[in-house]
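A short worksheet on the structure shown next.
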Amino acid sequence: PFVSIPSHASILQRKFAVRANKLTVPGLKSTCDLFDVDRTAGAGEKQGKEFLVDKLLDFLGEPSKKLTKTWISNNKKKAAAAARKEKESSKKAKKTAKEESDDDDDEEEDDMFEEVDGKKMPTDKAIKKWVRAYVRCFNLDKATTKHAMETCSDKFGVDLSDKKAFIKQLLTEAMV
C-alpha cells in the first residue's frame with residue numbers, strides 16, 4: 001500500500017493550529033492585530049475562536065496583503081473616494097445641463113411665438129419641436145389628431161385650429 005509522508009509545511013501548519021487553538025479569544029485577537037490580520041466577520045459569520053484561528057492560519061499559511069486590515073481599509077477608502085468623485089461629477093454635469101437647458105429655454109421662448117394678425121401664435125419651429133416631444137411621449141396607436149390638437153393648443157395657450165393641417169402633416173411625418 002501507498003503511505004504518504006506529510007510535508008514539512010503541513011507539519012508546521014498542524015503545529016500552528018494546535019498552538020492557536022490553545023490561545024484564548026483575546027490572545028487570538030491580539031495575535032491577529034500583531035500581524036495586522038483582518039478579523040472582521042462577514043455576513044452570517046460569528047467572530048468566535050474557530051473563526052479567529054482560521055483567519056490567523058490562513059494568513060500564516062500564505063501571507064498576503066489582501067488579508068490585512070490596512071489593505072482592506074485602504075481599498076475601502078479608495079472606493080469611497082472614487083464613488084464620491086463620481087457622484088460630485090454627475091451632480092456638476094446635471095447642474096451644467098440644467099443651466100444650459102434653462103438658457104436654451106430663455107432663448108427659445110423668444111423664438112416660440114410670432115405676431116400674426118395681432119395674436120401671438122407659436123412659430124412653425126416651436127410646433128415641430130412640440131410634435132417631436134408628443135410623438136416620444138404618447139402611444140401613437142391610441143392618440144388621435146383631435147387629442148394632439150387639444151394638447152398642442154393647451155401647451156401654447158392659443159387656438160391652433162388654423163394650423164391643424166400643418167400639425168397633422170408633422171404628425172404623419174413623425175410616425176413614418
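General remarks:
- Qualifying residue in region 9-26 (condition: under 38 Å from the mean Cα position of the chain (by Cα) and either of a type in the set (S, T, N, Q) or modelled with pLDDT under 75 (or both)): no
- Region 154-173, subset under 15 Å from Met112 (Cα atoms) and not charged (D, E, K, R), residue surrounded by the fewest Cβ atoms within 10 Å (Cβ to Cβ): Gly157
- Qualifying residues in region 25-41 (those that are over 18 Å from Thr70 (Cβ atoms) and without any contact (Cβ under 8 Å) to a residue 24 or more places away in the chain) - the one least open to solvent (accessible area, probe 1.4 Å): Gly27
- Taken over region 42-84, the criterion of being outside any helix (DSSP H, G or I), closer than 18 Å to Thr24 by Cβ and either open to solvent by less than 60 Å² (accessible area, probe 1.4 Å) or modelled with pLDDT under 80 (or both) is satisfied by Gly48 alone.
- Every residue from region 42-73 that is without any contact (Cβ under 8 Å) to a residue 24 or more places away in the chain and among the aliphatic types (A, V, I, L, M): Ala43
- All positions within region 133-153 that are in contact (Cβ under 8 Å) with a residue 24 or more places away in the chain and surrounded by 15 or more Cβ atoms within 10 Å (Cβ to Cβ): Tyr134, Val135, Cys152
The values are calculated or read from the model by the stated rules, or taken from the named source; none is laboratory data. No experiment lies behind these values; they were computed from the predicted model shown. Cβ sites come from the backbone with ideal geometry, for glycine too, and all protein chains shown count toward neighbours. We work out accessible area using only protein heavy atoms, side chains counted, and drop any ligands, DNA or RNA first. Shrake-Rupley method; radii C 1.70, N 1.55, O 1.52, S 1.80 Å.
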